Each structure stands twice: as structure tokens, then as C-alpha cells.
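Working notes for the structure below.
The values are calculated or read from the model by the stated rules, or taken from the named source; none is laboratory data. All values derive from a computational prediction rather than experimental measurement. Reconstructed Cβ throughout: ideal geometry from the backbone, glycine too, with neighbour counts over all protein chains shown.
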Amino acid sequence: MADATAGTDPKPKTGSTADLVRASLARRNRKQSTLQVLGIGAMSFAFLMLFILVASLVSSGYQAFTQTHITLEVFIDPEEVPLERLPRGGFDDVIEASLSSVLEDADPNDRATMRALGSLLSNGAQFKLRDRVVEDPDLIGQTVTMTVPVSDPYDQLHKGLIDRETPEQFRRLKNFEIAWFDQLVAMEAISKPLNTGLISNPDSRFPELAGLKGALVGSFWALSVCFAISFPLGIGAAIYLEEFAPKNKFSDFVEVNINNLAAVPSVVFGLLALAVFIGWFGLPRSAPFVGGMTLALMTMPTIIIATRAALKAVPPSIREAALGVGASRHQVVFGHVLPLAMPGILTGTIIGLAQALGETAPLLLIGMNAFITSAPSGPLESATALPTQIFIWADSPERGFASRTSAAILVLLGFLITMNAVSIYLRNRFERSW
Amino acid sequence: MATTVFLALLCVSILGYSLNRQAAARMRANGTKLHSVPGYHGLYSLLSTIVPVVVLIVLWLALQGPTIDRFTMSGLPAGSLDELETGGRQLILAEIKSISRGRVFGNPEAWKVDAADRYVWMHAVAGWMLFGVVIVASLGIVGFARSRVAADFRARHGVERITSGLMLFCSTIAIFTTLGIIAALLFESIRFFERVPITEFFLGLNWEPQIPLREDQVAAEGAFGWIPVFLGTLVITVVALFLAVPVGLLSAIYLNEFATPRLRAVAKPVLEILAGVPTVVYGFFAILVVAPAIRSFGATLGIPVSPNAALAAGSVMGIMLIPFISSFTDDALSAVPKSLRDGALALGATRAETVLNVLFPAAIPGIVGGILLAISRAIGETMIVVMAAGLIASLTINPLDSVTTVTVQIVTLLVGDTSFDNPKTLAAFALGMMLFIVTLVINVFALRIVRKYREAYE
């Protein structure tokens with residue numbers, strides 16, 4: 001339309017171009033604002049997803065930071081727990097008897113009732129009592145006060161995760177069990193303290209007893225090994241490539257290798273570790289030492305790239321000045337360039353270690369997802385790591401593990417945020433701009 | 001034992017350091033003019049002790065286990081190993097080892113207990129021998145280094161030669177790692193293809209990695225055709241890219257061109273957080289939130305959605321890739337010379353037209369390189385799909401169905417299995433090799449595109 005008028009109109013040309021532009025301006029501006037709206041939409045989508053991710057983890061995980069406990073007066077009946085049979089004895093019967101004595105309508109002679117009573121407490125309660133009695137056999141015949149976790153369904157009930165309105169047959173707790181629990185609450189026997197067991201207990205089949213101690217210790221060992229290997233080797237390789245390597249085929253080949261290793265899928269490193277470290281060298285499975293070596297191979301490219309960038313950032317005047325006063329090339333690098341580049345190197349190393357801490361797939365392949373109920377005492381013992389523990393718990397069917405998985409993820413994210421914060425602090429505090 | 005040996009080595013080498021240093025310092029105090037300062041004489045002794053002896057210790061420790069195992073097995077009474085396959089021998093060795101650690105189950109035969117005793121004894125002897133060898137070797141080197149301290153001895157040159165060698169060794173680790181990956185994958189894959197024909201693997205349309213538990217089992221033969229597994233990987237990758245590419249591109253364009261500096265300063269780090277979240281967390285997010293949401297949404301529309309639909313795993317993977325693509329796009333757009341942007345704006349183009357018609361075409365190579373790298377990330381991504389995708393390979397491209405991926409199969413075939421002599425576990429290595437080759441080709445291609453493009457503007 002505009003073209004047609006432009007051809008026939010006798011008005012001067014400049015005016016017609018201005019009209020043309022003016023006529024199309026609205027459309028062009030609309031296009032611009034469409035692009036802007038789309039951009040804002042895309043960014044909000046990304047932010048929304050991050051928000052949902054964090055919110056869903058927090059909302060399902062915060063419950064696991066408290067744990068419902070019950071405080072009981074237990075009379076240790078010498079008939080059930082005879083001194084000469086220690087450490088064996090009917091500790092569960094003793095606890096059930098004590099429960100039935102405080103609850104009104106619990107008949108101590110009905111076996112079904114007693115079994116239901118027994119499942120009120122965590123399975124670990126009787127072992128806790130046993131350990132106390134074995135340590136101090138004088139307790140037999142006395143009444144002791146003990147505070148133990150309740151079992152998972154009651155924990156869920158107390159935290160409001162089991163809906164009392166649900167018809168009885170669809171509920172994990174029957175009406176009489178809920179009535180018992182309400183009696184105990186009325187007696188103020190139930191408390192909900194901070195769940196220190198989440199950090200201080202090792203893994204367990206029972207959600208109320210399961211904790212992260214084994215995983216934390218395992219991750220600590222794996223990361224220590226990873227650091228001890230990748231930090232010196234990475235810095236050595238970076239210094240060689242940046243400061244000493246002649247420009248030849250070999251140096252190019254090394255560089256291509258490093259760049260490719262940085263992009264190899266992590267599961268392939270797991271295959272490497274499984275075939276070489278475990279299959280050929282015969283190192284033990286599930287050991288944090290093997291995990292740490294695998295993670296070191298994956299972290300090294302990150303450290304090398306960060307170190308090279310940090311070395312490059314040191315101005316040539318420093319090198320020239322040192323060379324000018326007669327230092328050798330080694331003395332220049334180790335005495336002047338490397339110390340100045342250290343903040344940048346440390347920043348890159350911490351970021352690399354943070355990535356290694358969250359790495360799961362290679363650890364799965366070398367068997368660090370085993371079910372282990374004690375914390376490892378050294379890097380060669382079987383252990384899990386924080387991310388593999390999350391994987392194990394995410395796979396567990398019990399309801400209580402769902403919130404523990406979220407809680408474990410929050411712990412992992414807490415570590416990652418701390419490490420990144422430290423690296424940002426180091427960068428801001430010590431890095432110089434020249 | 002290993003800790004003691006390393007401590008002993010450390011003590012001896014520190015002794016050598018101080019001996020050499022003091023000797024050189026005394027010479028200097030007496031008025032001799034030294035080539036190197038005393039510290040370098042000390043370092044020379046320290047390094048020339050530690051480096052060879054550490055190599056010796058590592059080699060010893062690596063060879064000690066297998067050697068002792070072999071001695072243990074060959075020392076067993078004649079006849080006890082007859083008619084046993086490799087697996088049976090390994091079982092006996094494992095039993096002996098567990099007895100030697102004091103974990104006795106049932107009543108083992110007397111010869112096993114004897115063998116366990118001998119096993120413990122040999123370990124103790126090997127440990128003491130290593131200790132003795134290390135002490136003798138390191139003291140010998142310390143003595144030799146001490147004898148070389150002299151006025152014209154070039155200790156600094158020696159130290160610099162050793163550190164140069166060490167650094168050269170460090171930089172070859174990357175090559176050794178690549179070689180190790182290739183060797184491990186190739187070696188185990190060849191063993192796989194000895195059992196399963198290579199044509200079946202590449203052309204077969206069925207993936208049922210089962211092995212007979214008994215000889216006479218019906219339906220014992222597994223099927224090892226990788227096409228359905230690879231197709232599943234592609235389906236999930238495509239779903240992920242459908243989400244990540246538009247969102248990543250648009251947010252990068254917005255951040256680069258329209259956002260105020262303050263918004264940019266906040267938004268970029270927040271996007272980086274998405275990149276820093278461990279993948280196991282995304283996997284849990286997929287099964288906790290996304291998969292149920294997609295299923296209930298499908299239910300309201302009356303569409304049946306499989307519980308572990310490719311859509312759930314793929315879209316969560318897409319979320320993971322958003323920061324990846326947006327940062328590559330951002331870099332590519334920023335690398336376009338300012339003159340192009342200024343020229344377009346001076347001709348009266350709107351900013352949207354500048355971005356879409358001038359900057360974007362100029363940045364295309366960099367963006368494509370980024371997308372290719374994202375594809376290789378998606379193909380190699382493991383935890384999200386292990387947790388949220390299916391296990392059964394089906395020949396489908398419907399994202400609402402359950403599909404499996406190469407990485408899922410690798411993990412499920414290998415987790416909990418130790419023996420390397422059946423096609424089921426070896427298949428994982430064949431899949432791993434395909435994964436390595438595919439991602440390597442994509443990476444090399446992508447890096448080449450990115451680099452070529454960078455050179456064009458510099």
C-alpha cells in the first residue's frame with residue numbers, strides 16, 4: 001500500500017521516505033517489544049524453575065531437620081533381662097511392657113496389641129537400651145528414663161504428614177494407634193528436638209535412624225584424595241604448559257587432550273576407574289580412595305585451565321624485572337609469578353572441588369552406593385559419598401526417606417554454597433588487577 | 001604400613017636436606033665461593049631422594065597385591081583347585097582374604113585357614129621388606145647427594161632439571177588419562193564383541209541385556225542391539241534442546257541487549273546457580289516434582305503418560321542446559337565487534353532489528369558451537385536419566401513413553417556386578433565406547449567451530 005502511493009505521489013522523495021519509515025515504525029516497535037517480552041518471559045521461566053526447585057526441596061526437607069522423640073520410664077525386669085544372659089535379653093519386651101503400663105487401653109496379654117506397641121518406637125530403641133545395660137549391669141531391676149526416636153509412621157503423624165481424615169484402611173496408622181499417640185502427647189512424653197542424628201548417625205534401613213555421617217566422612221576422604229592428587233599435578237601441568245613448554249606438536253597434543261578431557265561425560269570416567277583402578281590394579285571397590293582418584297582425573301582439567309588463566313593474568317613486567325636482576329626462569333616462576341597467581345589458582349581449585357563434591361555417576365560405577373552402616377575410618381574402607389547417599393535415599397520406598405533426601409540435598413547445597421562463597425571471598429580479597 | 005613407609009622416607013629426605021644445607025653453609029662460612037646457595041644443595045638432596053623412592057614405593061604397592069595373591073593360590077595343596085573355573089578360583093581367594101581379616105563364616109577347611117595365615121604372613125613380610133628397601137635406598141641416595149656438595153657443584157641446575165621433569169610428567173597425565181580411557185573401553189569392548197557379533201550390536205533392534213543364570217534356562221539369550229537405546233537418548237536430548245535452546249537464547253539476548261546493568265549483575269549469577277546444581281539434585285527434582293506434574297497434567301487432558309516419561313527427564317535436563325546455552329550465546333554476542341552494532345543503529349535500525357538481523361547472524365557460529373556442546377552434555381548426562389527415565393528399551397519417539405538411554409544402561413548393567421566375564425557387564429563398556437566416540441566427535445567439531453569463529457574477529 002505504502003509502495004503504491006510512493007510511486008505515484010508527486011510529493012518530494014525525502015518526504016515519502018520519512019512517511020514510509022513513520023508508517024512502519026509502529027510495526028517495528030511492536031516487534032521490538034515482542035522480543036523484549038519473550039526475553040523477559042524466558043528469563044522468568046528460568047528463575048521460576050530455580051525457585052520451584054529450591055522451594056520444593058525446602059518444603060519437603062525442613063521436616064527432616066527435627067525428629068519426634070518419646071521419653072519413657074522403663075523398668076528393666078530381671079526376669080526378662082537376666083544378668084547372666086547379657087548382652088542378650090528381652091529388651092523389646094521390657095520396653096513394650098513399659099508402654100502398655102502408661103497407655104490406658106493396651107492389654108499386655110494380647111500379642112497383636114503388644115506387637116503394635118513395639119512398632120511405635122524406632123527399631124533402634126531396644127539396642128540403645130541394651131547398650132546402656134551392658135555398660136552398666138547394675139541397672140537391671142531399676143527404672144531408667146530413656147528418650148528415643150519414634151518409628152517413621154508416628155514421626156510423620158506428629159509432623160502432620162499423615163492426614164487423620166483419610167479413611168482408616170488407606171492410612172498407615174490405625175485409629176487405635178493414633179489414639180495411643182494422642183495419649184502420649186497428652187502426657188507430654190513426646191518431644192520434637194533438632195534432629196542431630198541426621199548428621200551424627202550413619203546410614204540405616206530405618207528412616208528415623210538414618211543419618212549422613214558415613215556419607216560426610218566418605219565425601220571428606222574422597223575430596224581429600226582428589227585435592228592431594230589434582231592440586232599439585234594440575235599446577236605442575238599448567239606451569240609447564242604456560243611458562244616452559246616450547247611451541248611444538250607435543251604441547252599442542254597435550255592441550256587438545258586437556259580440552260577434550262574437560263568435556264568427556266562423567267560416566268566414562270567411572271568406566272575408566274572400574275576397568276583400570278579396580279579391574280587391573282585390584283584396588284578395593286566402594287573405597288573413597290578410588291573415588292578420589294577418579295574425581296581427581298575429572299577435576300584436573302578445571303584446575304589446569306584456571307591456573308593457566310591466573311598465570312596469564314600476571315603482567316609480563318614482573319617476569320622481566322625478575323629476569324633483569326638475574327633470576328633464572330625457575331626462580332622467576334616459583335618466586336614471583338606463582339605466588340602472585342595463587343589467589344586465582346585457589347579460586348579455580350575450590351570451584352573444581354565443589355564440582356567434584358556433587359559428582360555422582362562415576363562414584364556409582366565404582367560401588368560407592370553400597371549400604372554401609374558405619375562411617376569409614378580410612379580412605380580404603382567401603383563408604384558412600386554425599387551425592388550417592390542422596391541417590392540411595394531417593395530410591396528408598398519408605399516415606400520418611402523422601403524428606404531425608406531433600407534434607408541431605410539441602411546439606412549438600414549448603415556445602416556447595418559455602419565453597420563457592422569462600423572462592424568469591426578469596427577472589428575479591430586477594431586478587432589484584434594490574 | 002604404607003603410611004609408615006612414607007613417613008620414614010620423609011624423615012630420611014629431610015635429614016638429607018639439612019645435611020647438604022649445613023655442609024654447603026659451612027663451606028661458605030669458610031670463605032669458599034659456591035656456585036649455588038646452600039638451600040639449593042639441600043633441595044637437590046631432598047628431590048633426588050623423594051622422586052625415585054616414591055616411584056619405587058608406588059610400583060611396589062601396585063605389584064604387591066597381585067603377587068601375593070598368586071603365591072597364595074600356587075601354595076594351595078595340590079588338587080584343591082582342580083576343575084575350577086576362574087570364578088571359582090576368585091571365590092576361594094576372596095574367602096581366604098576374608099578369613100585373613102578375621103571374618104570367618106561357618107567352618108572353613110583347614111587348608112583355607114592355613115592359606116589365610118600364610119597370606120597374612122606374606123603381607124607382613126612384604127611390608128617389612130618394603131620398609132627395609134626404602135630405608136636403604138633413600139639413605140644411599142642421601143649419602144651420594146652429600147658427597148656431591150662442592151664449591152663448583154651446580155645444585156641449582158640439578159634442582160631445576162628435576163622440577164622441569166616433574167612438570168613435564170604432570171602435563172602428560174592428561175595424555176595418560178585419555179589413553180587409559182581408550183584402552184579400558186577398547187579392551188573390554190573387544191571382549192564383548194568376541195561374545196556378541198558386532199553386526200548385532202550396531203544393527204539389532206532389540207536391547208534385552210540378560211544372561212542365562214543356568215545353562216538350561218529357556219529364553220536365555222539376551223539381545224544386544226543398541227539402536228533402541230540410542231534412539232531413547234536422542235528423544236530425551238531433543239526434548240531437552242526444545243526447552244533449553246529457546247529459553248537460553250532469548251534470555252541471553254535480553255540480558256545482552258535490553259537489560260539494565262543492575263538487572264544483568266543480578267540475573268547472570270542467578271542463572272549460574274542453575275549450572276552449579278549437582279545433577280543428582282535435578283534427578284530428585286524430576287521424580288519429586290516434574291514427573292508427577294506432567295502425569296497429572298496429562299490425566300486432566302485424558303492423555304496417558306508413562307510414569308517415567310521421556311518428557312520429564314528431558315525437560316529437567318533442558319532446565320540444566322539453560323545456563324549453558326545462555327552463557328555461550330552471551331559470549332558469542334559480546335564478541336561481535338562494536339562497529340557492526342553501531343553501524344546498524346546509525347542506519348536507523350531498532351535494537352531488535354540490530355540483534356536479529358546483524359548481531360545474531362554474526363554470532364551464529366559461536367551459538368551453534370555452544371548448542372553442539374550442550375548436545376554432547378545431554379547425551380552424556382547420567383544422573384537425571386538414571387533417576388527419572390525408564391529401564392526398558394523400546395523403539396519409540398513418543399516423548400510421553402518411557403525410554404532408556406545409553407548412560408542409564410551403563411549404570412544399571414554395572415552397579416552391583418563385579419565379574420567382567422559375561423556379555424551383560426561387557427555390554428556396558430561397548431555402550432561406553434560409543435558414548436565416548438559420539439561425544440568426542442561432537443566436542444571436537446564444536447570446539448573447531450567456536451575457535452574458527454573467534455579467529456575471524458580478532
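So in segment A:64-93, with the set limited to residues that are surrounded by fewer than 21 Cβ atoms within 10 Å (Cβ to Cβ) and in a helix (DSSP H, G or I), which one is nearest to the other protein chains (Cβ to nearest Cβ)? Filtering first and then ranking leaves A:Phe65. The set of residues from segment A:26-59 being under 21 Å from B:Met320 (Cα atoms), facing another protein chain (nearest Cβ under 7 Å) and of a type outside the set (Val, Ile, Thr) comprises A:Leu38, A:Gly39, A:Ala42, A:Met43, A:Phe45, A:Ala46, A:Phe47, A:Met49, A:Leu50, A:Leu53, A:Ser56.
Among the residues of segment A:395-434, those that are hydrophobic (A, V, I, L, M, F, W, C) and more than 17 Å from A:Val54 (Cβ to Cβ) comprise A:Phe401, A:Met419, A:Val422, A:Ile424, A:Leu426, A:Phe430, A:Trp434.
Here is a yes/no grid of residues against (1) among the basic types (Lys, Arg); (2) closer than 21 Å to B:Gly127 by Cα; (3) buried (at least 16 other Cβ atoms within 10 Å of the Cβ):
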{"site": "B:Ala25", "(1), (2), (3)": "no, no, yes"}
{"site": "B:Lys33", "(1), (2), (3)": "yes, no, no"}
{"site": "B:Gly42", "(1), (2), (3)": "no, no, yes"}
{"site": "B:Thr49", "(1), (2), (3)": "no, yes, yes"}
{"site": "B:Pro52", "(1), (2), (3)": "no, yes, no"}
{"site": "B:Ala62", "(1), (2), (3)": "no, yes, no"}
{"site": "B:Arg70", "(1), (2), (3)": "yes, yes, no"}
{"site": "B:Met73", "(1), (2), (3)": "no, yes, yes"}
{"site": "B:Ala78", "(1), (2), (3)": "no, no, no"}
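From the list B:Glu200, B:Glu194, B:Glu188, which residue is loosely packed, with under 13 Cβ neighbours inside 10 Å, at pLDDT 85 or above and not in a loop (DSSP other than H, G, I, E, B)?
B:Glu194
In segment A:244-265, the condition of being of a type in the set (Phe, Trp, Tyr) and under 24 Å from B:Gln409 (Cα atoms) is met by no residue.
Each residue in segment A:94-129 was checked for being part of a loop (DSSP other than H, G, I, E, B) and either over 21 Å from A:Asp155 (Cβ atoms) or more than 38 Å from the chain's Cα centre (by Cα) (or both), and 8 of them qualify.
One residue stands out among those in segment B:148-163 that are assigned to a helix (DSSP H, G or I) and over 17 Å from B:Val55 (Cα atoms): the one that is nearest to the other protein chains (Cβ to nearest Cβ), which is B:Glu160. Number of residues in segment A:360-390 that are buried (at least 18 other Cβ atoms within 10 Å of the Cβ), of a type outside the set (S, T, N, Q), part of a loop (DSSP other than H, G, I, E, B) and more than 14 Å from the chain's Cα centre (by Cα) equals 9. Among the residues here, A:Gly211 qualifies as in contact with a Ser or Thr (Cβ under 7 Å, 6 or more places away or on another chain) and in contact (Cβ under 8 Å) with a residue 12 or more places away in the chain. Within segment B:143-172, the set of residues being under 32 Å from the mean Cα position of the chain (by Cα) and closer than 21 Å to A:Gln331 by Cα comprises B:Arg161, B:Ile162, B:Thr163, B:Ser164, B:Gly165, B:Leu166, B:Met167, B:Leu168, B:Phe169, B:Cys170, B:Ser171.
Rundown of residues vs (1) crowded, with 24+ Cβ neighbours inside 10 Å; (2) in contact with a Phe, Trp or Tyr (Cβ under 7 Å, 6 or more places away or on another chain); (3) away from every other protein chain (no Cβ under 12 Å); (4) farther than 27 Å from B:Val441 by Cβ, yes/no style:
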residue: B:Pro307; (1), (2), (3), (4): no, no, yes, yes
residue: B:Phe328; (1), (2), (3), (4): yes, no, yes, no
residue: B:Gly348; (1), (2), (3), (4): no, no, no, yes
residue: B:Glu353; (1), (2), (3), (4): no, no, no, yes
residue: B:Val358; (1), (2), (3), (4): no, no, yes, yes
residue: B:Ala362; (1), (2), (3), (4): no, no, yes, no
residue: B:Met387; (1), (2), (3), (4): yes, yes, no, yes
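Yes or no: segment A:163-174 includes at least one residue that is in the same structural domain as A:Asp107 (by TED's automatic domain parsing) and under 20 Å from A:Ser100 (Cα atoms).
Yes, segment A:163-174 contains a residue that is in the same structural domain as A:Asp107 (by TED's automatic domain parsing) and under 20 Å from A:Ser100 (Cα atoms).
A single entry from B:Ile319, B:Ile303 fulfils the requirement of being within 14 Å of another protein chain (Cβ to nearest Cβ) and not basic (Lys, Arg): B:Ile319. In the set B:Ile303, B:Ile253, B:Ile319, only one residue is within 24 Å of B:Ile364 (Cβ to Cβ) and not aromatic (Phe, Trp, Tyr); that residue is B:Ile253. Scanning segment A:291-320 for residues that are β-branched (Val, Ile, Thr) and either free of Cβ contacts under 8 Å to residues at least 24 places away in the same chain or surrounded by fewer than 16 Cβ atoms within 10 Å (Cβ to Cβ) (or both) yields one hit, A:Ile318.
Looking only at residues in segment B:371-385 that are under 16 Å from A:Leu271 (Cβ atoms) and assigned to a helix (DSSP H, G or I), the one that is nearest to the other protein chains (Cβ to nearest Cβ) is B:Gly380.
Just checking, which of A:Ser286, A:Ser266, A:Ser230 is at the interface with another protein chain (Cβ under 8 Å from one of its Cβ atoms), touching a residue at least 12 places away in the same chain (Cβ under 8 Å) and among the hydroxyl-bearing types (Ser, Thr, Tyr)?
The conditions single out A:Ser266.
Listed by first and then second residue, the pairs with beta-carbon distance under 9 Å, at least 6 apart or on different chains, first residue in segment B:290-305 and over 20 Å from B:Val316 (Cα atoms) and among the aromatic types (Phe, Trp, Tyr), second surrounded by 11 or more Cβ atoms within 10 Å (Cβ to Cβ) and modelled with pLDDT of 90 or more, form an empty list.
Test B:Val104 against the stated conditions and say whether it is in contact with a helix residue (DSSP H, G or I) (Cβ under 7 Å, 6 or more places away or on another chain) and more than 27 Å from A:His330 (Cβ to Cβ). It is false that B:Val104 is in contact with a helix residue (DSSP H, G or I) (Cβ under 7 Å, 6 or more places away or on another chain) and more than 27 Å from A:His330 (Cβ to Cβ). Return a yes/no flag: does segment A:94-104 have any residue that is surrounded by 13 or more Cβ atoms within 10 Å (Cβ to Cβ) and more than 25 Å from A:Ile178 (Cα to Cα). The answer is no; no qualifying residue exists. Suppose the filter is assigned by TED's automatic domain parsing to the domain that holds B:His41, over 32 Å from the mean Cα position of the chain (by Cα), surrounded by 12 or more Cβ atoms within 10 Å (Cβ to Cβ) and without any contact (Cβ under 8 Å) to a residue 24 or more places away in the chain; does B:Lys112 pass it? In short, yes. Is it the case, given these coordinates, that A:Ser191 is closer than 28 Å to A:Ala370 by Cα, under 30 Å from the mean Cα position of the chain (by Cα) and either surrounded by fewer than 18 Cβ atoms within 10 Å (Cβ to Cβ) or outside the structural domain of A:Gly124 (by TED's automatic domain parsing) (or both)? So A:Ser191 fails the test.
When the test is whether a residue is more than 9 Å from every other protein chain (Cβ to nearest Cβ) and touching a residue at least 40 places away in the same chain (Cβ under 8 Å), B:Pro269 does not pass it. Within the option set A:Leu340, A:Leu357, A:Leu412, being part of a helix (DSSP H, G or I) and more than 32 Å from the chain's Cα centre (by Cα) holds for one residue only, A:Leu340.
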